[in-house]
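Participant: Questions regarding the structure given below will be posed in turn.
The values are calculated or read from the model by the stated rules, or taken from the named source; none is laboratory data. Predicted model only: the values in this text are computed from it and were never measured. Here Cβ is always computed from backbone atoms with ideal geometry, including for glycine, and neighbour counts include all displayed protein chains.
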Amino acid sequence: MRSLDLRRGAMVIWLSLGVLLSVLTAANAREIRTKGMDIPYESFVLDNGMQVFLLVDRSLPVVALNMWFDVGSKNERAGRTGFAHLFEHLMFMGTERVPDIDLLLESGGGSNNASTSNDVTNYYTVAPENMLERLLFIEADRLANLASSMTSEKLDKQREVVLNERRQMYENQPYGKAWLEMPTLLYPEGHPYAHPVIGSEEDIRAATLEDVLEFFNSYYTPANVSLVLAGDFDAERGRALVEKYFGAIKGRKKPESVQFERMRYPAKERVVIEDKVQLPRLVMFWHSPAFLAPGDAELDILSSILCKGKNSRLINSLVYEKQLASSVNCAQMSSKASTFIIDALPLPGVRIEALEEEILAILKEIGEEGVREDEFARTKNSIEMAYIKQLQTVGSRADNFNSFYFYSGSTAFPSKDLQRYRDANTASLMQVYQEIFLDPKRRATLIVEPEK
């Protein structure tokens with residue numbers, strides 16, 4: 001199943017090779033933690049403009065191929081929303097040379113998937129090391145030949161798959177309508193982020209074969225992708241194979257980057273919608289610093305202080321002490337246009353306004369008293385350990401390396417990324433807190449009520 005990614009912080013690499021993929025080595029994780037050592041790599045650029053990184057790790061006989069295309073829902077034009085995600089599905093429809101990608105991969109023990117967000121579309125494959133050449137052949141083939149193999153029948157098939165996904169994830173999912181409403185709450189009409197990644201049903205149905213070919217030729221060009229090959233392979237052989245399969249692909253001009261206004265205030269302050277649910281739901285949004293920008297790491301820490309574990313501020317107060325909510329979640333949803341979110345579900349009989357007032361009171365308390373040094377230090381340590389743990393699979397390493405490069409242009413990973421958290425302190429957290437949370441006009445509130 002292809003995945004739709006709505007936020008960078010929730011991205012998950014789904015691997016299915018069992019024990020081989022579960023751990024690189026505890027020594028590798030310790031090395032990163034104790035030395036702050038970056039992941040070793042080699043890099044080169046093909047004549048067609050493709051940026052390539054080789055991350056050799058001979059710990060386990062596994063290889064991962066990870067590709068990040070600089071195209072997401074932000075690149076869609078009016079009347080064709082949802083197209084980046086639709087095209088992600090079309091990339092798995094095969095070519096004349098490889099009509100069934102999944103069969104060719106799975107027959108050798110490999111697995112693949114993809115995701116689409118506002119900013120990017122990425123494709124990732126993990127397999128035993130003896131499938132290295134096959135992985136490169138498959139990816140290069142569809143990048144070179146998908147357009148010539150595309151048909152109206154393939155488009156119609158995936159169109160229905162995406163529309164069914166939209167129904168399952170949003171229209172028929174409890175509270176799913178909230179996430180369709182979220183972009184219009186935060187962004188004015190015409191802003192590149194003012195529509196959901198999944199797009200509208202009307203636009204998806206309106207997509208034509210000509211649209212597909214135009215989209216492919218515009219964005220699926222070697223100069224618009226960064227490729228990371230990681231795992232158990234010889235660097236010289238890996239480079240030769242990449243050059244063999246990707247080097248022959250015709251280069252095209254890299255599309256211009258999307259320029260957009262960074263929002264301070266939401267487009268709407270308060271919206272109430274109805275859905276087929278039993279209980280109301282409260283979601284609060286704030287525009288926040290972009291991924292890797294100053295304040296982004298601090299808001300990651302704040303989200304954990306508020307909502308990570310039963311001793312966190314909001315969960316302890318709302319769920320355990322005052323028993324106003326059955327669940328409370330917080331997240332700094334980091335991307336080129338980040339959003340900080342607090343999402344709460346009240347217990348039966350609890351007024352949504354009472355829950356909202358209590359959340360705002362706790363936020364006000366933090367503004368007046370700050371956060372304690374002990375809870376701040378504990379949260380930082382927890383985040384660092386979780387950060388290191390996620391790098392213990394070769395697939396996750398490849399994806400996180402590519403992500404950091406995509407958003408920063410830097411290869412100093414993970415030390416530069418981790419250093420943001422190590423440098424954060426209570427003073428820097430309170431500085432971004434005051435900027436984001438003190439002004440009530442910066443908050444957007446969405447309430448989902450049961451249909452009358």
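Participant: Among the listed residues 252, 205, 264, 239, which satisfies the condition of being outside the structural domain of residue 90 (by TED's automatic domain parsing), of a type in the set (D, E, K, R) and farther than 30 Å from residue 425 by Cα? Please lay out each step first, then the result.
Facilitator: Numbers: 205 fails: outside the structural domain of residue 90 (by TED's automatic domain parsing); 264 fails: farther than 30 Å from residue 425 by Cα; 239 fails: outside the structural domain of residue 90 (by TED's automatic domain parsing).
Of the residues listed, the single one that is outside the structural domain of residue 90 (by TED's automatic domain parsing), of a type in the set (D, E, K, R) and farther than 30 Å from residue 425 by Cα is 252.
Participant: Answer yes or no as to whether residue 305 is under 16 Å from the mean Cα position of the chain (by Cα) and over 18 Å from residue 407 (Cα atoms). Don't jump to the end; show me each part of the working.
Facilitator: Numbers: under 16 Å from the mean Cα position of the chain (by Cα): no; over 18 Å from residue 407 (Cα atoms): yes.
So residue 305 fails the test.
Participant: Please specify each residue of segment 207-249 satisfying the condition of being loosely packed, with under 14 Cβ neighbours inside 10 Å and touching a Lys or Arg at 6+ places or on another chain (Cβ under 8 Å).
Facilitator: If the condition is that a residue be loosely packed, with under 14 Cβ neighbours inside 10 Å and touching a Lys or Arg at 6+ places or on another chain (Cβ under 8 Å), then 217 is the only one that fits.
Participant: Can you list the helices (runs of 4 or more DSSP H) found entirely within segment 156-273 that contain at least 2 residues being without any contact (Cβ under 8 Å) to a residue 12 or more places away in the chain and closer than 30 Å to residue 126 by Cβ? Please lay out each step first, then the result.
Facilitator: On the way: elements: 176-186, 201-206, 209-219, 235-246.
Ranges flagged: 235-246.
Participant: Another question about this same structure. Considering each of 262, 237 in turn, give the residue that is more than 23 Å from the chain's Cα centre (by Cα) and either farther than 19 Å from residue 402 by Cα or modelled with pLDDT of 95 or more (or both). Steps first, answer last, please.
Facilitator: On the way: 262 fails: more than 23 Å from the chain's Cα centre (by Cα).
Answer to the selection: 237.
Participant: Report yes if residue 399 is in the same structural domain as residue 435 (by TED's automatic domain parsing) and modelled with pLDDT under 95, otherwise no. Spell out how you get there, then give the answer.
Facilitator: Values: in the same structural domain as residue 435 (by TED's automatic domain parsing): yes; modelled with pLDDT under 95: no.
So residue 399 fails the test.
Participant: Has segment 325-347 got at least one residue that is assigned to a loop (DSSP other than H, G, I, E, B) and free of Cβ contacts under 8 Å to residues at least 12 places away in the same chain? Talk me through it step by step, then tell me what you get.
Facilitator: Going through segment 325-347, the residues assigned to a loop (DSSP other than H, G, I, E, B) turn out to be 334-337, 347.
Retained after the next criterion (residues that are free of Cβ contacts under 8 Å to residues at least 12 places away in the same chain): none.
No, segment 325-347 contains no residue that is assigned to a loop (DSSP other than H, G, I, E, B) and free of Cβ contacts under 8 Å to residues at least 12 places away in the same chain.
Participant: Let me ask something else. If you check residue 366 against the conditions, is it over 26 Å from the mean Cα position of the chain (by Cα), in a helix (DSSP H, G or I), surrounded by 13 or more Cβ atoms within 10 Å (Cβ to Cβ) and of a type outside the set (Asp, Glu)? Explain how you work it out, then say what you get.
Facilitator: Values: over 26 Å from the mean Cα position of the chain (by Cα): yes; in a helix (DSSP H, G or I): yes; surrounded by 13 or more Cβ atoms within 10 Å (Cβ to Cβ): yes; of a type outside the set (Asp, Glu): yes.
Yes: the conditions hold for residue 366.
Participant: So if I check each of 415, 382, 410, 403, which one is out of contact with any strand residue (DSSP E or B) (no Cβ under 8 Å at 6 or more places or on another chain), under 17 Å from residue 67 (Cα atoms) and among the polar types (S, T, N, Q)? Write out each step before concluding.
Facilitator: Working: 415 fails: under 17 Å from residue 67 (Cα atoms); 382 fails: under 17 Å from residue 67 (Cα atoms); 403 fails: out of contact with any strand residue (DSSP E or B) (no Cβ under 8 Å at 6 or more places or on another chain).
Result: 410 is the single residue among 415, 382, 410, 403 that is out of contact with any strand residue (DSSP E or B) (no Cβ under 8 Å at 6 or more places or on another chain), under 17 Å from residue 67 (Cα atoms) and among the polar types (S, T, N, Q).
Participant: Scan segment 89-144 for residues that are under 26 Å from residue 255 (Cβ atoms), of a type in the set (S, T, N, Q) and touching a residue at least 24 places away in the same chain (Cβ under 8 Å) and report the count.
Facilitator: Qualifying residue count for the region: 9.
Participant: Here are 411, 426, 393, 445: which of them is of a type outside the set (Asp, Glu) and within 27 Å of residue 351 (Cβ to Cβ)?
Facilitator: 445
Participant: Also: Does residue 438 count as in contact with a Gly (Cβ under 9 Å, 6 or more places away or on another chain), buried (at least 19 other Cβ atoms within 10 Å of the Cβ) and assigned by TED's automatic domain parsing to the domain that holds residue 375?
Facilitator: Numbers: in contact with a Gly (Cβ under 9 Å, 6 or more places away or on another chain): yes; buried (at least 19 other Cβ atoms within 10 Å of the Cβ): no; assigned by TED's automatic domain parsing to the domain that holds residue 375: yes.
Spelling it out, it is not the case that residue 438 is in contact with a Gly (Cβ under 9 Å, 6 or more places away or on another chain), buried (at least 19 other Cβ atoms within 10 Å of the Cβ) and assigned by TED's automatic domain parsing to the domain that holds residue 375.
Participant: For segment 50-66, give me the residue count where each residue is surrounded by fewer than 24 Cβ atoms within 10 Å (Cβ to Cβ) and either under 17 Å from the mean Cα position of the chain (by Cα) or not hydrophobic (A, V, I, L, M, F, W, C) (or both).
Facilitator: So the answer is 5.
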